[in-house]
Amino acid sequence: MATPGTKSYQFRMERQEGWLQLEDYVRRAEKDGIAALSAREVFELPHLYRGALSSLSVARSISLDRNVVDYLENLTARAYFLLYGHQRPAGQAFMRLLARSVPDAVRSISREFLIITAVFLIGLFAAFFLVLENPDWYFTFIDQSMAQGRQPGASVEDLREPLYAVKDVGDGLDVFATQLFTHNAQVGLMAFALGFALGIPTLWLVFANGSTLGAFLALYYSKGLLFEIGGWLIIHGSTEILAILLCGAAGLAIARHYIFPGRMSRLQALAVHGRKAALVAFGCLLMFLLAGLLEGFGRQQIVSDGLRYGIGIFMLGLWTLYYLRAGRGPEEDEA
């Protein structure tokens, strides 16, 4: 909370009358429809919205208190939907969703993403070194049904051969890709949904996924096949694992804003930040779909380690650029 005399406090005092007026109009319209506003209030709404957008732009540029920026982002998003959300053709609205709303939502959970990534890596490295130290730990992290012959007693050739087995495009790969998409999406959405249980199950699920991968990598490392398994995994894993981490971060964001709602009530915080988290989950569904195609078709047809690594790294760079840079320009309605 900004204290008297600070830059954030002065900034808020000079402009908050318009923000509070806009918040009142938006809250009433969300509850009872636009008909709840008088003709004068409907006329004032776009001007108050543009004023709040201007304040948000200034707040971002001079790095004000993060609470002020979060408040303005939430307020302007609600006002934008009220003013323009029903006026776009479906195709245009969908493109705006992908071009601006989804990457904006992902950037808003950056702190949660760092936490969830750290938890994933802790699980990965813990399992990796435990299995290297004692192979008996392997089945603590890997279920027998998941192993499918990939176990400490397997020979190098038995582990290497499936990495380069080529399947025909028509050999059930479409069904295989669909199954992979369904499974991966279930894992990611579970990590997202468990955020409503205060985030603890989300953290555990992400930790467990990291430990599974760590045990798997340790097995192949012990057989001198780390580079080969890396290529086999990265072609789809750079997209799939990133999507799981984003889903987990979205779930963690829901938990954080429920426990620490700030100026809003807990229900208001869930409504506002839940919408952003849902946008992240929607973007992840598209990532899971692409990961399923890369795993079901690309990995089964491409046996070159270099090409596998190239595709995986390219996809990771593409997602990073998209989520960090997309939608940062001015709103088209701001002119």
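This table checks each residue for (1) at pLDDT below 80; (2) acidic (D, E); (3) part of a helix (DSSP H, G or I); (4) within 19 Å of V272 (Cβ to Cβ).
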| residue | (1), (2), (3), (4) |
| --- | --- |
| G5 | yes, no, no, no |
| R15 | no, no, yes, no |
| L45 | no, no, yes, yes |
| N67 | yes, no, yes, yes |
| E73 | no, yes, yes, yes |
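Screening R50, R27 for residues that are basic (K, R) and in contact (Cβ under 8 Å) with a residue 60 or more places away in the chain leaves exactly one candidate, R50. The condition of being at pLDDT 90 or above and touching a Cys at 6+ places or on another chain (Cβ under 9 Å) holds for only one of L307, L316, L242, that being L242. Looking at this structure, is F282 without any contact (Cβ under 8 Å) to a residue 40 or more places away in the chain and among the aromatic types (F, W, Y)? When the stated conditions are applied, F282 does not pass them.
Residues that are free of Cβ contacts under 8 Å to residues at least 60 places away in the same chain and either small (G, A, S) or more than 24 Å from R308 (Cα to Cα) (or both) within segment 141-153 comprise D143, Q144, S145, A147, G149, G153, listed in sequence order. Quick check on my filter: what residues within segment 210-235 are part of a loop (DSSP other than H, G, I, E, B) and closer than 20 Å to Q144 by Cβ? If the condition is that a residue be part of a loop (DSSP other than H, G, I, E, B) and closer than 20 Å to Q144 by Cβ, then K223 is the only one that fits. Condition first: assigned to a helix (DSSP H, G or I), surrounded by 16 or more Cβ atoms within 10 Å (Cβ to Cβ) and either of a type outside the set (S, T, N, Q) or not assigned by TED's automatic domain parsing to the domain that holds E73 (or both). Now tell me which residues in segment 17-43 satisfy that. G18, W19, L22, E23, Y25, V26, A29, E41, listed by residue number. Here E295 fulfils each of the conditions (1) part of a helix (DSSP H, G or I); (2) charged (D, E, K, R); (3) more than 30 Å from L163 (Cβ to Cβ) apart from (3). Considered as a group, the residues in segment 110-165 that are among the basic types (K, R) and in a helix (DSSP H, G or I) include one that is nearest to A249 (Cα to Cα), and that residue is R111. Among the residues here, L289 qualifies as farther than 23 Å from F81 by Cα, under 18 Å from the mean Cα position of the chain (by Cα) and either assigned to a helix (DSSP H, G or I) or among the aromatic types (F, W, Y) (or both).
The values are calculated or read from the model by the stated rules, or taken from the named source; none is laboratory data. Given the structure is predicted, the values throughout are model-derived calculations rather than measurements. No Cβ is skipped: glycine too gets one built from the backbone with ideal geometry, and neighbour counts run over all protein chains shown.
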